Amino acid sequence: MKTKISTKNKDGSLKTNEVLFDEIRSLIEETRSRVASTVNSALVLMNWHIGKRINDEILQNKRAEYGNEIVVTLSQQLTAEYGKGFTRANLFRMVQFAEIYPDIEIVASLTRQLTWTHVVELLPIKDQLKRDFYAEMCRIERWNVRTLRGKIQGMLFERTAISRKPEETIKTELAELRDEDKLTTDLVFRDTYFLDFLGLSDTFSEKDLENAILRELERFLLELGVGFAFVARQKRITVDGDDFYIDLLLYHRELRRLVVIELKLGKFMPADLGQTEFYLRWLDKYERKPWEESPIGLILCSERSKERVELLALDGRDIKVADYWTQLPDKKLLEQKLHEAVIMAHRLSERE
C-alpha cells in the first residue's frame, strides 16, 4: 500500500507526496549534474597537468626512444593501480593536449563544457584556427561528443563563413567568442548547407523544397545551427495594398535577430537580393522589438554563384547567400570542393 505523505507549502497549504517527490528528484538531478561537471573539469585539468609533466620532465619536448620507454613503463604502473585510463596512447594524448593548449587559463575555460572525450576528438585537428573554432563552438552550443564528431566529419568549419575570412579576423572573432561568448553572423551562417535528409528527387519545385523543410523542421534547424527557432512559413506582409510572402521566418536567440530565409531553385540572381532587402526593411519597421538587433536574411540557392556575390559586395552586410546540397557528393570530392572555396576566398582577400 502506497503511503501518502503531506508537507506544507509556504502559504500553509498541504503538499502531496507526488509534488514532494518531484521536488526532491529535481534537487538530486541538479546536484548530480553539478558534481559531474566538477568531476569532469577536474579530470580534464588533471590530464593536462599529467601531459605537461611528462612532456617537460621526461620527453623534454622531444620524442626520444628513451623517453618513450619511460612513458611505457609509467603507463604500465598507472594502469595497474588506476585502470585503463592511463594507457600509453592516452598518456601521449595528454602530452599532445598540453602541447596544443599551453595556456592553463584557456584549458580552464574549455573544461566548463568539454569532457576529456571531447578533447580527444579535437586533438587530431592540425590547423589551430579550425581546432579552436570547434572547441569554442562546442563549448558555446553545448554539443555532445557525437554532435562534435558529426560537425567535424561534415566539415562545418569549411562551410561556415568565418573560414573565408583573413586569419587575423578569424583569431579576433574566436577570441571574442572565448572571452565574451560573443557570436557573430560569420560564425552562425554557412556558405553551404547539407539538406540531403529532405529526401528530394532530382526534380522538385520551390514549394516541394519548402514542404520538405517543414516536414523535417527539427533536422533543418539542427543543420542551421543551435539557437534558431521557427516563427512562420509564407509570412504575409502587405505594402500599398499588395501582399508579399516570406518563405520562412526564423529567430536566432543569441543574435537576437529575426532571420528571413528565401528558397531559390536555381543560381543566385541579383533580383533575389532586392527582394530579400525589401522584406528586411519591412520587418525592421513593423516587427522588430526594441531589444532586438536588425533582421538578417539568408538566400538559399542551388548554386551560390561566387562571382555575383563578390560583385554585389555582400560581405559584412545583413544578407547572406548560401547554396544547399540535397545530395552529398563523395567524401573526397566534398573535401576538395570546400577546401578550394576556402583557398579562393583567402586569395581574394589578399588582393584586397
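No lab work stands behind these numbers, since they all come straight from the coordinates. Treat the numbers as computed from the prediction; the structure is a model and nothing was measured. Ideal geometry is used to build each Cβ from the backbone, glycine not excepted, and the neighbour counts take in all protein chains shown.
With 10 angstrom as the radius, rank LYS306, LYS207 by how many other C-beta atoms surround their C-beta, starting from the fewest.
Working: LYS306 16, LYS207 11.
Listed from fewest to most nearby Cβ atoms, that is LYS207, LYS306.
Shown for SER26, SER294: other C-beta atoms within 10 Å of each C-beta, ranked fewest to most, produce the order SER26, SER294.
So in segment 189-328, what percent of DSSP beta bridges are antiparallel if you round to the nearest 5? The answer is about 50 percent antiparallel.
Computed 3J(HN,Hα) for segment 161-171, one whole-Hz value per residue from the Karplus formula 6.51 cos²θ - 1.76 cosθ + 1.60 where θ = phi - 60°, is 4, 4, 5, 7, 7, x, 4, 5, 5, 4, 4, glycine and proline marked x. With the charge dipole of segment 189-328 set up from +1 on Lys and Arg Cβ and -1 on Asp and Glu Cβ about the Cα centre, the Cα lying farthest toward the positive end among the listed residues TRP291, LEU198, LEU250 is that of TRP291.
In what sequence do TYR101, TYR193 fall when counting other Cβ within 10 Å, fewest first? Present the calculation step by step, with values, prior to reporting the outcome.
On the way: TYR101 22, TYR193 19.
Ascending Cβ contact count within 10 Å gives the list TYR193, TYR101.
Model label sites at SER26 and GLU105, defined 7 Å from Cα along the beta-carbon direction, differ in position by 3.8 nm. Note: segment 189-328, Cα convex hull, 111 Å³ per residue. For ILE319, nonlocal amide neighbours, meaning residues 5 or more places apart or on other chains whose placed amide H falls under 5 Å from its own, are GLY297.
Over 20 Å between Cα atoms, which of LYS165/LYS320; LYS182/LYS285; LYS126/LYS332 qualify? Violating the 20 Å limit, Cα to Cα: LYS182/LYS285.
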